[in-house]
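Written below as structure tokens is the structure these notes are about.
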Amino acid sequence: MERATEDVRNAHDGRIGSLRIGYTDFAIAGSLPTILKDFQERQPQITLQPQHGVTLTQLARLEDGKLDIGFLTGPVNKAGYDQHPVQSEKFVCVCADRHPLAQRDAIGLADLATENFVHGNSTDWQHFYDYLIPLCRRVGFTPRIVQEAFNTAGILGLVSCGMGVTVLTEKVCSALAPGLAVIPIEDVSERLITTAIWRRDNVVGPNLHFVEYLRSLPVPSVPS
């Protein structure tokens, strides 16, 4: 009876239940696993249900009530939503290890002006392109994207085949398969931000505890 009473109290307090959590490739390759593990240790009776989705997909699921928290490429300016940045990453170039650039210790972004690019679908990866395209245009070119893939694994696979180069982020590229090389981009100080986002009218039950936990996390530094 005491256990049943405690379970009822925990359920009422939002400490029993489930959370549907969306994530991008950038989030799951970076800080998200640590965040989920730490929260699960604090709230073991809340079941976490991670599900992959690009930024646009997550925003649609949040709007439809099919997702509780999204970890996506931000920041996002959307009425009725709150967010908390969780990750700030440098951009890097990835090419096949036999590519001439692979022998360089670092490059400037303009060094990629004549290269073929491999990237995600321009619709699904719209929020990433909002970072990439202005950076490239600032140094005088628009990326010539010749191949598209669904996710970062597909992008890197095509790059390893010699189809072109790509620009991704450091955490995604921290453990590459053989045949690829990562080159720092020395003249880009901007960073890609991954942010947690949730509907302001849905901060109840388990979601309330997760939001409180997120807000306790330090905001990653972003160079000016």
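The values are calculated or read from the model by the stated rules, or taken from the named source; none is laboratory data. What you see is a predicted model, and the numbers here were worked out from it, not measured in a lab. Cβ: placed from backbone, ideal geometry, glycine included. Neighbour counts: every protein chain shown. The area values use the complete protein model at the heavy-atom level, side chains included, leaving out ligands, DNA and RNA. Shrake-Rupley method; radii C 1.70, N 1.55, O 1.52, S 1.80 Å.
Key figures for this structure:
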{"item": "Leu59 being of a type in the set (A, V, I, L, M), part of a helix (DSSP H, G or I) and either open to solvent by less than 50 Å² (accessible area, probe 1.4 Å) or closer than 11 Å to Arg199 by Cα (or both)", "result": "yes"}
{"item": "Residue list for region 146-176, restricted to those being aliphatic (A, V, I, L, M), under 21 Å from the mean Cα position of the chain (by Cα) and either part of a strand (DSSP E or B) or at pLDDT 95 or above (or both)", "result": "Ala149, Ile155, Leu156, Leu158, Val159, Val165, Val167, Leu168"}
{"item": "Number of the condition not met by Gly74 [criteria: (1) in contact with a strand residue (DSSP E or B) (Cβ under 7 Å, 6 or more places away or on another chain); (2) at pLDDT 95 or above; (3) buried (at least 20 other Cβ atoms within 10 Å of the Cβ)]", "result": "(2)"}
{"item": "Members of region 184-224 found to be polar (S, T, N, Q) and open to solvent by less than 60 Å² (accessible area, probe 1.4 Å), listed by number", "result": "Thr194, Thr195, Asn202, Asn207"}
{"item": "Qualifying residue in region 89-100 (condition: touching an Asp or Glu at 6+ places or on another chain (Cβ under 6 Å) and among the β-branched types (Val, Ile, Thr))", "result": "yes"}
{"item": "Residue match in region 97-110 (condition: in a strand (DSSP E or B), touching a Lys or Arg at 6+ places or on another chain (Cβ under 8 Å) and not charged (D, E, K, R))", "result": "no"}
{"item": "From Val172, Val165, residue being closer than 18 Å to Leu192 by Cβ, among the aliphatic types (A, V, I, L, M) and open to solvent by less than 10 Å² (accessible area, probe 1.4 Å)", "result": "Val165"}
{"item": "In region 134-145, residue farthest from Thr194 (Cα to Cα) [restricted to those that are open to solvent by less than 30 Å² (accessible area, probe 1.4 Å) and in a helix (DSSP H, G or I)]", "result": "Cys136"}
{"item": "Of residues in region 41-56 being within 24 Å of Asn121 (Cβ to Cβ) and of a type in the set (A, V, I, L, M), the one least open to solvent (accessible area, probe 1.4 Å)", "result": "Val54"}
{"item": "Pair list, Cβ < 7 Å and 6+ apart or interchain, from region 127-155 residues that are within 18 Å of Ala96 (Cα to Cα) to residues that are at pLDDT below 95 and among the β-branched types (Val, Ile, Thr)", "result": "Thr152/Val172"}
{"item": "Region 97-116: number of residues that are surrounded by 20 or more Cβ atoms within 10 Å (Cβ to Cβ) and under 27 Å from Ser31 (Cα atoms)", "result": "1"}
